[in-house]
Amino acid sequence: VQLQASGGGLVQAGGSLRLSCRASGITFSMYNMSWYRQAPGKQREVVAGISSGGSSMYADSVKGRFTISRDNAVNTVYLQMNMLKPEDTAVYYCYATFTHGRLDYWGQGTLVTVSS
């Protein structure tokens with residue numbers, strides 16, 4: 001099983017980035033997918049999630065700025081991040097949880113740096 005995250009980088013405040021996480025080795029459509037982030041010195045926190053059926057949720061800190069989506073045809077979950085702020089700087093991880101059992105997998109993380 002592999003979750004390959006990409007799309008991170010350096011961006012100025014107010015800018016946008018789109019993260020991608022491509023899964024392999026799992027039946028992607030049977031997994032709920034989430035994005036987490038971990039800033040230096042802080043705990044990992046959930047940013048957004050999307051169920052296997054397409055329902056989404058967001059942390060209050062990113063509502064109205066971030067959009068999570070998925071494309072089951074290419075086993076990929078996306079996180080569109082707009083109006084980025086310096087406090088969004090973190091390593092972003094994708095996370096897969098099986099809808100019918102206690103299986104879960106983490107991606108390797110992609111670094112997002114937002115300069116002021």
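The values are calculated or read from the model by the stated rules, or taken from the named source; none is laboratory data. Only a predicted model underlies this, so the values are computations on that prediction, with no experimental measurement involved. Note that each Cβ is placed from the backbone with ideal geometry, even for glycine, and that neighbours are counted across all protein chains shown. Protein only, heavy atoms only, side chains kept; ligands, DNA and RNA dropped before computing areas. Shrake-Rupley method; radii C 1.70, N 1.55, O 1.52, S 1.80 Å.
General remarks:
- Multiplying the residue separation of Val1 and Arg65 by 0.36 nm and removing their Cα-Cα distance gives an extension gain of 20.0 nm.
- Selected from Gly14, Gly49, Gly25 as most flexible by GNM, with the chain as the system and alpha-carbon contacts under 10 Å: Gly25
- For the range 1-78, trypsin sites (Lys or Arg not before Pro) meeting the loop criterion (DSSP other than H, G, I, E, B) and having at most 12 other Cβ atoms within 10 Å: Lys42, Lys63.
- Taking every DSSP beta bridge that has both ends in the chain, the antiparallel portion is near 90%.
- Taking amide H atoms as placed 1.01 Å from N in the peptide plane, the amide H of Phe66 lies under 5 Å from those of Asn82, each 5 or more residues away in sequence or on another chain.
- Excluding ligands, DNA and RNA, the accessible surface per residue across the chain is 52 Å² with a 1.4 Å probe.
- In this rough spin-label picture, where each label sits 7 Å from Cα along the Cβ direction, the Ser55-Gln38 distance is 2.9 nm.
- Coupling constants for the range 76-91 follow from the phi torsions by the Karplus curve (6.51 cos²θ - 1.76 cosθ + 1.60, θ = phi - 60°), and in residue order they are 9, 10, 10, 9, 8, 10, 10, 6, 5, 10, x, 6, 7, 4, 4, 8 Hz; glycine and proline get x.
- Rounded to whole numbers, the Karplus 3J(HN,Hα) couplings from phi for the range 6-21 are 8, x, x, x, 9, 9, 7, 4, x, x, 10, 9, 10, 8, 10, 9 Hz, using 6.51 cos²θ - 1.76 cosθ + 1.60 with θ = phi - 60°, and x at Gly and Pro.
- Residues of the range 82-96 with amide N under 14 Å of a point placed 7 Å along Cα→Cβ from Ile26: 93-96
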